[in-house]
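The values are calculated or read from the model by the stated rules, or taken from the named source; none is laboratory data. Every value quoted in this text rests on a predicted model; they were computed, and no experiment measured them. Ideal geometry is used to build each Cβ from the backbone, glycine not excepted, and the neighbour counts take in all protein chains shown.
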Amino acid sequence: MNLNILRLITVLGMLFHFSGSTAGEWEKHVGRIVIPFGVTANQLPDPQSKGAALFKSYCGQCHNLPSPRMHSKDDWPMRFEKMMDHAKLIAGASPDINIPVDKEKQEIVAYLEKNGFRGLPATALLRGESQAFNVIWFCSVCHAVPDPDQFPAKEWGNIVDRMNSYRKKQGREEMSHSDRKEVINFLARVRKYNKGD
């Protein structure tokens, strides 16, 4: 079954189940969604900006805050719209959920795009290299494939280890030692080749 249809059925089932409840009862039955790798408001990039304030205010109603660096600049507009669809469904059953107006949505998306990571373009020649297979295989399950040039070569080991720990928390297949080494070597080698590090 299509995963999006399954998600919609689940949300609609929850809404139907709680439709006879008051908003207060909804709060008792449905807890806050926890993102295992979320951030606090003061950990957000540029936390005093209007975009960060709106992001915290609206997105923090239902779950803890995802890091804006969790997705690429190109992915955020679509992901934000999906979240707005969920928020509208929940707001129908709970008047405590506020939905941003169009201008606020634009401000939030601009903030997320500004602070998202840089994805590897779909037309990048690197995607065709055989060594890129593991990078694409492991990274694209959760987010866009990162552009290797955005971080120094020495940082990729820590980044890949952090991502692998998220995979474990989500119950996904972890990278083997050889997969980890291949992914890190590819990302670091490509950057060195492109930047002359």
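List of remarks:
- In the stretch 134-153, the count of residues that are at pLDDT 95 or above and among the hydroxyl-bearing types (Ser, Thr, Tyr) is zero.
- Set GLY157, GLY128, GLY116, GLY171: member being among the small types (Gly, Ala, Ser) and in contact with a strand residue (DSSP E or B) (Cβ under 9 Å, 6 or more places away or on another chain): GLY116
- Against the test of being in contact (Cβ under 8 Å) with a residue 12 or more places away in the chain and closer than 16 Å to PRO66 by Cβ, the options ASN115, ASN164 yield a single qualifying residue, ASN115.
- Residues in the stretch 43-85 that are within 15 Å of ASN98 (Cβ to Cβ) and out of contact with any Phe, Trp or Tyr (no Cβ under 8 Å at 6 or more places or on another chain): ALA53, LYS56, SER57, TYR58, CYS59, GLY60, GLN61, CYS62, HIS63, MET83, MET84.
- Test: residue in the stretch 127-139 that is more than 18 Å from PHE186 (Cβ to Cβ) and not aromatic (Phe, Trp, Tyr): no
- Residue selected from the stretch 173-193 under the condition over 17 Å from PHE133 (Cβ atoms) and basic (Lys, Arg), by the criterion modelled with the lowest pLDDT: LYS192
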